[in-house]
């Protein structure tokens with residue numbers, strides 16, 4: 001029997017991986033995607049019976065940052081993903097083949113897996129001048145996307161560029177760059193934005209597709225709700241300082257050194273949906289706000305063209321007319337209420353009035 005004919009469960013047993021370890025892995029993936037713990041055994045059984053999912057990953061108008069992020073996934077690792085879970089039949093930076101041999105690999109995969117393969121897209125797609133600004137092997141990426149999209153079971157747009165146009169679409173957008181779903185409209189599409197996106201979000205949705213045979217539940221922007229259902233602000237460990245009205249006024253003042261809220265320094269966490277605060281980067285070591293820098297809003301459409309990264313949310317594109325003054329006032333008010341409640345509780349405990 002060929003390795004590709006083995007189910008995932010058979011392949012893992014061949015490698016000496018126990019069911020206990022496999023269940024532990026499934027529990028981790030399920031937890032990250034807000035899948036109930038009761039479904040873990042069913043997820044494990046489904047994955048064990050699955051065969052490697054054929055996938056083609058194309059890099060269009062991009063910077064390779066999304067792929068760099070993917071290589072740093074640890075649950076599962078990229079090596080585990082491509083050797084056990086999926087059959088990555090094309091990715092120009094990871095494969096050994098080049099030139100005509102690489103193009104032939106795409107055509108072979110398309111022919112053998114028509115209607116079954118996952119198309120992973122990294123980078124925006126230029127529309128101006130028939131897409132001439134982004135070309136590989138004599139074919140524009142616009143034509144490439146249309147050809148590959150026709151035979152795909154589903155498409156995963158990796159990164160903000162593939163999802164919404166990203167930096168390639170920043171004003172004045174000379175190439176006419178757009179995201180995948182502005183070109184392909186008749187296929188299931190999942191957007192995984194971020195600049196770069198979080199590695200475990202990318203690998204998590206691929207594992208989910210393999211387990212359940214469908215893309216996960218999405219929000220209005222086609223983002224997986226499990227990872228993009230909350231804002232950065234909802235989960236930020238600095239939120240308590242926001243509620244107390246404690247804000248850093250500069251990156252080197254006392255507030256910054258004490259870890260206070262970075263809202264006044266331009267943090268876009270209140271309007272940015274992502275899982276950075278819970279998953280973090282580099283195996284859960286840190287994330288931008290933990291490192292002392294406000295959120296840039298990189299998983300939201302048009303983040304590059306909106307008000308300056310270091311300006312607080314204010315009138316116009318990002319927030320309310322009152323801007324930071326209202327937010328700060330609200331934070332101070334919440335802090336005052338919290339202090340009053342704390343004193344009342346303390347008085348009750350001590351028998352005072």
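When Rg and the Kirkwood Rh are both derived from Cα coordinates, the Rg/Rh ratio for region 41-95 amounts to 1.03.
Computed from the Kirkwood radius of its Cα pairs, the Stokes-Einstein diffusion coefficient for region 166-274 at 20 °C and 1.002 mPa s stands at 129 µm²/s.
The share of alpha-carbon pairs in region 88-160 lying farther apart than 16 Å comes to 52%.
Geometric descriptor of region 52-228, per residue, is 106 Å³ (volume of the convex hull of the Cα atoms).
Based on the reciprocal of the average 1/r between different C-alpha atoms, the Kirkwood radius for region 155-206 equals 11.3 Å.
Laboratory data are not the source of any read-out in this text; all were calculated from the coordinates shown. Values in this document were obtained by computation on a predicted structure and should not be read as measured data.
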